[in-house]
Amino acid sequence: MNLYRGITSKLLLKQSFSINQAKFFSVSRINFNSDLKERDLDDLYKKVVVQVRGHDNAVLESYKNFVQQTSKELDVNLNEIRQPDRFIERWTILKSRFSNRKHMRQYEMRTHFREFEFKHLTGSTCDTLLEYIQRNLPEGVAMHVHKTKITQLPEHFNN
Amino acid sequence: MNTLLKVNTLCPNVLRPSILFTNSIRTNYTFNLNTKLVKYRRATRPKKTNDNSISLNYEQSQFAEKIGVTKSWNSWNTSNLLEGKRQAETSADDLLIRKFIYGTFHGMFASEILIKRKFNTINISFLAKLPNYSYIHKTYFLVGYAEELLSCLLKCVVKINVQTIYHKNDLVFRTW
């Protein structure tokens, strides 16, 4: 093992070796240590659902265009864009501070939604995409992210 | 506090989608502006003068029923959304900021104070009319002073964007 490592380091020191050789050696070096190999595996996401919420529908529409453009430029699979029904919270209260029961006012707070469903992302792609999207989130817009990760079956199932 | 959207009436027609509007922004809001009731509304509406001596800027000329249609809010945060957090705290903080800024830049305001929250940053912006040129350095000092003090009080990053105007008449949108 030490011999191989010695050869690799000697080769790396030389200026005149091709990229293919370096690739071969680096791969063979990882094979020595099985823990290292496991650590290098990236997460796989089957589905990433990003939900944004806001009071202003026009802002969300603009943000939708931004996300579409981003996923197109980054070549990410934006599977579906959904628009769930809005949620309205209403308060019916007296118009005046005190008495005058017959005169009421109704106030309401609206929440509009947009859902972006990305499919088949690797961990690093997902991180990069979310980082970029979140940094460009407008004021007054909240984001919820739901990830569906692919994992191996537990050992007791395999046996 | 400003995220409350005022709806015109208690009538069930409020929720009816308006088909007549062709503008894409307007179709999103299902307002049914009933002229009969608008006639009786007095909130945010100054008394009409015969000689049109009251000059209004753009924000002032959009009255309360236009909030969410052509006028937007002065505070932008995520507290009052569905499952929003710190509703009362955010409103109280906004009130504190408004009072503080109003006292610090006293008599300089040419517009409303806008407060925008994003991550841990609070962006405060407004238009200012300086009395004379010697106030420029004072304003720079006041911006730094207000940023420092507010960020200590609210425990987050505070940024103040002041934009100056030459004359108050620059902002006049409509005489009323």
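Select from region A:52-75 the residues that are part of a strand (DSSP E or B) and within 9 Å of chain B (Cβ to nearest Cβ) and write down the one among them that is farthest from residue A:125 (Cα to Cα).
A:54
What number goes with the only condition from (1) modelled with pLDDT under 95; (2) more than 10 Å from chain B (Cβ to nearest Cβ); (3) part of a helix (DSSP H, G or I) that residue A:152 does not pass?
(3)
Do you know which residues across region B:113-154 are away from every other protein chain (no Cβ under 14 Å) and outside any helix (DSSP H, G or I)? Give the steps one after another, and end with the answer.
The first filter runs over region B:113-154 and keeps only residues away from every other protein chain (no Cβ under 14 Å), leaving B:113, B:126-154.
Those that are away from every other protein chain (no Cβ under 14 Å) and outside any helix (DSSP H, G or I): B:113, B:126, B:127, B:128, B:129, B:130, B:131, B:132, B:133, B:134.
Given (1) in a strand (DSSP E or B); (2) among the basic types (Lys, Arg); (3) away from every other protein chain (no Cβ under 14 Å), identify the lone condition not met by residue A:110.
Failed condition: (3).
Here are the criteria: (1) within 24 Å of residue A:110 (Cα to Cα); (2) at pLDDT below 80; (3) not in a loop (DSSP other than H, G, I, E, B). Tell me which single one residue B:59 does not satisfy.
So residue B:59 meets the others, but not (2).
Exactly one condition in (1) loosely packed, with under 10 Cβ neighbours inside 10 Å; (2) within 26 Å of residue A:122 (Cα to Cα); (3) at pLDDT 90 or above is not met by residue A:40; state its number.
(3)
Evaluate the following for residue B:47: is it more than 14 Å from chain A (Cβ to nearest Cβ), within 19 Å of residue B:176 (Cα to Cα) and surrounded by fewer than 17 Cβ atoms within 10 Å (Cβ to Cβ)?
Values: more than 14 Å from chain A (Cβ to nearest Cβ): yes; within 19 Å of residue B:176 (Cα to Cα): yes; surrounded by fewer than 17 Cβ atoms within 10 Å (Cβ to Cβ): yes.
So residue B:47 passes the test.
Would you check which residues across region A:107-128 are crowded, with 16+ Cβ neighbours inside 10 Å and free of Cβ contacts under 8 Å to residues at least 60 places away in the same chain and list them?
A:109, A:110, A:111, A:112, A:125
Regarding residue A:157, is this residue farther than 19 Å from residue A:62 by Cβ and surrounded by 17 or more Cβ atoms within 10 Å (Cβ to Cβ)?
For residue A:157, the condition - farther than 19 Å from residue A:62 by Cβ and surrounded by 17 or more Cβ atoms within 10 Å (Cβ to Cβ) - is not met.
Is at least one residue of region B:80-91 surrounded by 20 or more Cβ atoms within 10 Å (Cβ to Cβ) and more than 14 Å from chain A (Cβ to nearest Cβ)?
no
Hey, can you tell me all the residues within region B:63-73 that are surrounded by fewer than 18 Cβ atoms within 10 Å (Cβ to Cβ) and of a type in the set (S, T, N, Q)?
Of everything in region B:63-73, just one residue is surrounded by fewer than 18 Cβ atoms within 10 Å (Cβ to Cβ) and of a type in the set (S, T, N, Q), namely B:70.
Among (1) in contact (Cβ under 8 Å) with a residue 40 or more places away in the chain; (2) within 26 Å of residue B:45 (Cα to Cα), where does residue B:107 come up short?
Residue B:107 satisfies every listed condition except (1).
What single numbered condition from (1) assigned by TED's automatic domain parsing to the domain that holds residue A:51; (2) over 28 Å from residue B:116 (Cα atoms) fails to hold for residue A:142?
Here residue A:142 clears every test but (2).
The values are calculated or read from the model by the stated rules, or taken from the named source; none is laboratory data. Given the structure is predicted, the values throughout are model-derived calculations rather than measurements. FYI the Cβ positions are ideal-geometry reconstructions off the backbone, even for glycines, and counts take in every protein chain you see.
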